[in-house]
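The values are calculated or read from the model by the stated rules, or taken from the named source; none is laboratory data. All of these numbers come straight from a predicted model, not from anything done at the bench. Neighbour counts are summed over all protein chains in view; Cβ atoms, including those assigned to glycine, are modelled from backbone coordinates with ideal geometry.
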Amino acid sequence: MKNFPRNQVTHYDTFDAFMEGIEKEFGDRPAISWFLRNKTEMCRSFRETAEDVRQLKEALYHRGLAGKNIALVGENSYDWIITYLAVAASGGIAVCIDAEQADDSIWQMMQMAETEAVFASDVCLPICESIPEGKERIRLFAMLGEQKGSSALTCRSLREEGRALLADGKQPWRCMDIEARQTAAIVFTSGTTSASKPVMLSHQAILHNASDSSVYVSAEQRVFSSLPFYHTYGMTCAVLATMVRGAQLIINGDLKTVMRDLHLAHADSMLTVPLMIEAIHNQLWLNAEKEGKADGLRRLLKIHKILRRVGIHKRSKILDEIREKCVGSLHIIICGGAHLSREIAEEFLLLGILVLQGYGITECSPLVAVNSNHSYDMDSVGYVLPCCEVKIVDEEIWVRGKSVMNGYYKAPELTAEVMEGEWFRTGDLGHLSREGFLYITGRKKNLIVFKNGKKVSPEKLEEKISAIPLVKDVLVYGAASGASADDVKLAASIYPDPERAKGLSSYEILEQLQAEINSINEHLPIYQQIQMVNIREQEFSKTASKKIKRHMV
């Protein structure tokens, strides 16, 4: 591995120690901020956050819910974070549920995790309360946030209850001894190729992963994120990784206001997924085209790209203004969840925004590797974290270390399918370079196998097709062309960009796309060429990290 600066980090083995540590070290520093509808910024310091967690933890204890499995169902919010921290710090298990799932999926997840209490947003609470089976086990339903005119128990009223208990002069409750490898959270896999599975993550796995995610990356002091907290990427890498180093996290819980909040935040750094970056990139070029400035922008970017190649890093007032208009003061983006094309990352760099890609998987808490500000490769997902060890077995990435899960909740047979001793078999294909960079080449389950034994990773072809401006989303698959399962030909299902497709007929859209794909095919061997194209009228169903759910296509 190359020699470059590493950041010093503090490690915690349990969430109660984590809360005590950050309160003592960072005190009155701003910890978590968010914006109201009227653009007012709300902010809680590390001391206030720790006190809120302490109060809720006390209320859970006196209601007999300390150490229990407690579900969180709702959009990003300060209350969501407080509840997660209080549940874990009291020795319980935070069951993180995707609020965007269908009602029956939410009920199924609550049942699978044997939930005994539920904290949900105002939209999700009625859904949770109507659970058809297993309701007798649930002893408490509480609302995340407030709703005028509602008499529902809330996270805030429970904190008031805890505050009163502490004010009575009682000794603050100290939970039972928590072991480092004790499960702190159950998080469900994204389910791109199969049904979601309940992953058990320990205190040590989550917290060491959060700390080690900052060893290579310097994300600076104001961090913005709209990543969903029920996903490990959002909770571990955005929330906990920011808090453990004393930086300020600015959160967004409504995608309708995400760009407004990003500008209001005056953030240095952002954690996001490729879809968000692609949307910003697409909007940038749409604006340039509408203003008749696209050709001039291409020339300017080309000039600065040549200058960078010869070691001249000259700033441009025009490019700085474009960056400010698009993303405000942002100049560092940590990107994960899927692959981002090198071309987009390079354009952002010319605009003064460094995009650092990483790689993670829920079962590893999630981060496995990430690039560094001081040493990066835009085709790679970076260096393996200190808390992890990676080896490549038959092109598949295997991981072991403190970040690896405790297993799937009450599903030993599923756990046995993916574990080889201490090693977790990720199902992702890749390789390690001599310099220590990890490269992802595809997903094992997604491989398309032909009758002649040749194999194709659809992800590489999808990346090439995604570069076509008219394409918003694409999925490449093997379409049956004969009697046998391996008698297939490559096909691409494409959802066109609505903005760029406006005014075009279906025939004109297909004609343009076919011409672009023919151009791509010219540079590929015959067996890798796309032979069928079909146009979708609706967007693909996606996971929390905005990956297409292949099994639903």
Report whether or not residue 359 is in contact with a Leu (Cβ under 9 Å, 6 or more places away or on another chain), surrounded by fewer than 24 Cβ atoms within 10 Å (Cβ to Cβ) and aromatic (Phe, Trp, Tyr). no
Which numbered condition residue 357 misses (of (1) within 30 Å of residue 195 (Cα to Cα); (2) polar (S, T, N, Q); (3) touching a residue at least 40 places away in the same chain (Cβ under 8 Å)): (3)
Picking from 384, 355, the residue that is under 22 Å from the mean Cα position of the chain (by Cα) and under 25 Å from residue 184 (Cβ atoms) would be 384
Matching residues, the stretch 211-226, being in contact (Cβ under 8 Å) with a residue 60 or more places away in the chain and within 17 Å of the chain's Cα centre (by Cα): 211, 212, 213, 214, 217, 219, 224, 226
Restricting to the stretch 288-319, name every residue that is of a type in the set (Gly, Ala, Ser) and either surrounded by 10 or more Cβ atoms within 10 Å (Cβ to Cβ) or closer than 14 Å to residue 352 by Cβ (or both). 288, 294, 296, 316
Residue in the stretch 415-430 that is surrounded by the fewest Cβ atoms within 10 Å (Cβ to Cβ), counting only those that are hydrophobic (A, V, I, L, M, F, W, C) and at pLDDT 95 or above: 416
Filter the stretch 380-400 down to residues that are within 23 Å of residue 234 (Cα to Cα) and touching a helix residue (DSSP H, G or I) at 6+ places or on another chain (Cβ under 8 Å), then give me how many there are. 7
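Quick grid of which residues meet (1) of a type in the set (D, E, K, R); (2) modelled with pLDDT of 95 or more:
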{"residue": "110", "(1), (2)": "no, yes"}
{"residue": "114", "(1), (2)": "yes, yes"}
{"residue": "127", "(1), (2)": "no, yes"}
{"residue": "132", "(1), (2)": "no, no"}
{"residue": "151", "(1), (2)": "no, no"}
Take the residues of the stretch 431-474 that are under 20 Å from the mean Cα position of the chain (by Cα) and more than 16 Å from residue 344 (Cβ to Cβ): which is surrounded by the most Cβ atoms within 10 Å (Cβ to Cβ)? 438
Can you tell me which residues in the stretch 18-74 are of a type in the set (Asp, Glu) and buried (at least 21 other Cβ atoms within 10 Å of the Cβ)? 52, 58
Working only within the stretch 233-270, note down all residues that are of a type in the set (Ser, Thr, Tyr), more than 13 Å from the chain's Cα centre (by Cα) and within 16 Å of residue 545 (Cα to Cα). none
List the residue pairs whose Cβ atoms are under 9 Å apart, where the first residue sits in the stretch 135-148 and is surrounded by fewer than 16 Cβ atoms within 10 Å (Cβ to Cβ), the second is in a loop (DSSP other than H, G, I, E, B) and among the polar types (S, T, N, Q), and the two are 6 or more positions apart or on different chains. 137/115
State which residue is surrounded by the fewest Cβ atoms within 10 Å (Cβ to Cβ) when the search covers only the stretch 363-407 and only residues that are farther than 18 Å from residue 422 by Cβ and of a type in the set (Val, Ile, Thr). 381
If you scan the stretch 489-512, which residues turn out to be under 30 Å from the mean Cα position of the chain (by Cα) and under 24 Å from residue 479 (Cα atoms)? 490, 491, 492, 493, 494, 495, 496, 497
For the stretch 356-365, check the following and say yes or no: at least one residue is closer than 30 Å to residue 282 by Cα and of a type in the set (Gly, Ala, Ser). yes
Candidates 77, 33, filtered to the one that is in contact with a Gly (Cβ under 9 Å, 6 or more places away or on another chain) and farther than 30 Å from residue 384 by Cβ: 77
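Yes/no matrix, rows are residues, columns are (1) touching a strand residue (DSSP E or B) at 6+ places or on another chain (Cβ under 9 Å); (2) without any contact (Cβ under 8 Å) to a residue 12 or more places away in the chain; (3) of a type outside the set (A, V, I, L, M); (4) farther than 18 Å from residue 251 by Cβ:
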site	(1), (2), (3), (4)
10	no, no, yes, yes
17	no, yes, no, yes
34	yes, no, yes, no
57	no, no, yes, yes
75	no, no, yes, no
78	yes, no, yes, no
98	yes, no, yes, no
108	no, yes, yes, yes
115	yes, no, yes, yes
